[in-house]
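Everything on this sheet refers to the single structure shown next.
The values are calculated or read from the model by the stated rules, or taken from the named source; none is laboratory data. These numbers come from a predicted model, not from an experiment. Cβ placement follows ideal geometry from the backbone for every residue including glycine, while neighbour counts extend to all protein chains displayed. Areas reflect the complete protein model, heavy atoms only, side chains present, ligands, DNA and RNA absent. Shrake-Rupley method; radii C 1.70, N 1.55, O 1.52, S 1.80 Å.
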Amino acid sequence: MNVRRISRRAFLRASGGVSAAWVLGARIAPRAGADEVNFEPNLFVAFSPDGSVQITVSRSEMGQGVRTALPRIVADELEADLARVTLLQAVGDAKYGDQNTDGSKSVRLMFQPLREAGAAAREMLVQAAAQWWSVSPAECRAFDHGVEHAASGRRFEYAQLLSRAAKLEVPRNPALKDPCDFRYIGHSARGLDAPAIVTGTAIYGFDVRLPGMKYACVARAPVFDARIRQVDDTAALAVPGVRATCSIPFSAHPREFRPEEGIAVVADSSWAALKGREALAIEWLSGDNAGYETASYRAQLRDSLTRPGRSRLLRGEVMAELEGEGTLVEASYETPMLAHAPMEPPVAVAWVHDGRCEIWAPVQDPRATRRLVAEWLRIPPAGVTINVTLLGGAFGRKSQTDFVLEAVEVSSRVGAPVKLFWTREEDIRNCYFHAEAVQFMRARLGADGLPRAWLIRAAYPSIDWLFEKGIDHPQPWEIGMGLSNLPFAVPHLGIEACQAPVPIRIGWLRSVCNVWQAFALNGFIDEMAAAAGVDPLAYRIALLGPDRQFAAPNEDPDPLASSNGTTVDSGRYRRVIEHLAARVNWGAPLPAGHFRGFAAHNSFYSYVATIVEVALQADGTPRVVRVDTALDCGRVVNPDGVRAQVEGATIFGLGLALFGELSVREGRVEQSNFGDYRILRITEAPPVIEAHIVASEEPPSGIGEPPTPTIAPALAAALFAASGRRLRELPLMKGWAASG
């Protein structure tokens, strides 16, 4: 597959016209003369007269390999020669449907529509050839960018058929290939953008520059929802290169992804903008959130768990059974506030002019961004163009478009193209945080050691608070991410959502609620297994009971879920555990000083099991030396991409499990950069990370997020095996040091 890349220097020249015609890392294949026919049977497939085909990708590339996987789905059904395929990154537009690149759903939701897009074009080309030869289409077959008639040995290249195919009706229900005939799906491919990324020629949001462009940064409230009492910008305007200051207006709750109030400094360079911001004198009105403290808020969440919450699932007579005979097990688990901390902080270039707005930005949801920009400027969506650059990491942060709206506001005020940038310190202190969470679990074990009754209570702020007033309990879809969709056969099960107010801006982070709910679930299962005297891996298989499939209550609404399998399949859960146990020879002796922990979880319709191996070093500190993850994510498009996702999720999850924690004092986040908000360093990465893909013919399911939630509980289990100490709170190194 060809991607026509341009260097950064060439990009800057090409951007001089500020036209929406350029596309990230690729250009539309040049059109031939006006008398030649372009064959464009649908949104995703467009042939040029020379036979080359352009495939449109409507999702954003943030390292998950979507620009590699999605075109291969189309090309496979189209029987296209990848060497003659170019790629077009779609702008934000309602015609592409859902463009939100989150929830591990790009391949999951696009697999069938893209197959049909490719198959429709193929079928039309076959029909065109059959008409030309006066034979039945059934006698012809498409292969390698052409159509063949085996009986006569004749062949047309696609380029020869375009004018005839363009006159045919697009089939509504094209026949799809037998998966046995897939040429690209299921076969590994190198990441399409990898060469440009490693050679520094890839274009991220921070690389975009326009002629006459100004730079802007914003002085932000130190406390969430603080308001400005007064501003003196005299000193800021005296800084060489500073051209103006302007206010970012306050957005009332529910603000969705609109920005907070602030003062933007506009300058000729980023350095001047930063120095000008330092010189601003702003008096803030902190408001009610100035009293927010991590310790007191955590205590408030714990107290909430002592009372019955809102029932999200009730099966059997839970409370009565908990009072019965048998071993009682109970424990609480806690997880801290986290930031996404992508390597590229938020940035956007906006130019508002002539009643229109053009954006260049690393956004996960260009369609929603377009809508929000149009609403902000009070212009029709057709007047807004969102050009999507590569994303330098996101993890959910760039689903929120406050930074884009800030750039739009400043550009509209100064009448010039503006690059508005965030520093890492700003992002860590002002992002949409992954909130603190506390979970309480109590179970009464039966004579077989398995839980006869199990009560689960969860307290954490709901993300729905962003969109609606009065939300102060975990919502059903959040409880559905790991709790109410658990696959275990428990006769009496109760799940409750407990009150949790929102004192800070919150949002979703990779794997969302699965992060803390998988940690609590796996930890508690380990504790029940220990109480029963059973190996924790064998205990989970026993807990699953007979293989079952059932619809999970409280699932995340998914418009195409019905075609992609919404049921929980305990058999797939069991098989992924058994697959991993066999691959790593679970239970076999380890070298002296080495210990293993195990965890499993189902999320985004995928099933994951992970074993973490740690070694105690000479000073007694643990070192993660190996991580094995088995994954059943349905049919795989690019196995190499899946392995890369497992590796990335492992590194991401280990960083959070070992070190990830933000704290708040007097309403202000205390951390600011990687010096005090640790992520995993290269020297701390496990020497071995193995991904074991379970072969499956089920529809594709989530890949990017599911391998993350199992890392922390598997590591906690390994540390228990090493020390005999249960660590029920993240980050683990904090508890390890305190209890050592």
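Points worth noting:
- Euclidean distance of C-alpha centroids, the stretch 293-325 and the stretch 82-122, integer Å: 43
- Between the stretch 589-632 and the stretch 660-706, the Cα center-to-center distance that results, in Å: 15
- Nonpolar atom fraction for the chain, defined as the carbon and sulfur part of the 1.4 Å probe accessible area, stands at 51 percent.
- Cα-only Debye scattering, the stretch 200-289: base-10 log of I(q)/I(0) at q = 0.11, 0.19, 0.23, 0.25 Å⁻¹: -0.37, -0.90, -1.09, -1.17
- For LYS167, the lysines whose Cα falls under 30 Å of its own Cα, not counting residues fewer than eight places away in the same chain, are LYS95, LYS177.
- For the stretch 555-680: accessible area per residue (Å², 1.4 Å): 37
- The calculated FRET efficiency for the pair SER311 and SER136, based on their C-beta separation and a Förster distance of 56 Å, comes to about 0.35.
- Summed side-chain charge close to VAL490 - residues other than VAL490 whose Cβ falls under 14 Å, Lys, Arg +1, Asp, Glu -1: +3
- Cβ-placed point charges (K, R +1; D, E -1), dipole of the stretch 43-157 about Cα centre in debye, nearest 20: 160
- With 10 Å bins from 0: P(r) over the stretch 44-132, alpha-carbon pairs, percent: 17, 50, 26, 7, 1
- Each other residue within a Cβ distance under 12 Å of LYS95 adds +1 if Lys or Arg and -1 if Asp or Glu, for a net charge of 0.
- Helix-only CD estimate at 222 nm, as mean residue ellipticity for the chain, using -39500 (n - 2.57) per DSSP H run (n ≥ 4): -8500 deg cm²/dmol
- Near the amide H of ILE55, within less than 5 Å, lie the amide hydrogens of THR86, LEU87, LEU88, all on another chain or at least 5 residues away, with H placed in the peptide plane.
- Based on protein heavy atoms only, the stretch 176-250 ends up with 49 Å² per residue of surface accessible to a 1.4 Å probe.
- As a size descriptor, the averaged projected area of the C-alpha convex hull of the stretch 571-654 was calculated at 6.2 nm².
- The simple Förster model, with R0 at 60 Å and r as the Cβ-Cβ distance, assigns ARG725 and ARG356 a FRET efficiency of 0.45.
- Only Lys, Arg, Asp and Glu carry charge here, each on its Cβ (+1 for the first two, -1 for the last two); on that basis the chain has a dipole of about 1140 debye about its Cα centre.
- Among beta bridges that DSSP assigns inside the stretch 42-115, antiparallel share in %, nearest 5: 45
- Dipole axis of the chain (+1 Lys, Arg; -1 Asp, Glu on Cβ), positive-most option in ALA194, GLY103, GLY262: ALA194
- Put HIS473, HIS187 in order of accessible area, highest first, and with a 1.4 Å probe you get HIS187, HIS473.
- What the stretch 684-740 shows is 36 Å² of accessible area per residue, with the surface traced by a 1.4 Å probe over protein heavy atoms.
- Label point distance in nm, GLU256-GLU330, each placed 7 Å from Cα along Cα→Cβ: 4.4
- Taking 0.36 nm per residue of separation and subtracting the current Cα-Cα distance, fully stretching the chain between SER739 and ASP288 would add 158.8 nm.
- The stretch 405-469 versus the stretch 175-241: alpha-carbon centroid distance in Å: 21
- Residues in the stretch 180-189 carry Karplus couplings, in order, of 4, 9, 4, 9, 10, 5, x, 10, 5, 9 Hz; the curve used is 6.51 cos²θ - 1.76 cosθ + 1.60 with θ = phi - 60°, and Gly or Pro positions show x.
- Among beta bridges that DSSP assigns inside the chain, antiparallel share in %, nearest 5: 75
- Net charge, GLU375 excluded, C-beta distance under 11 Å - Lys, Arg +1, Asp, Glu -1: +3
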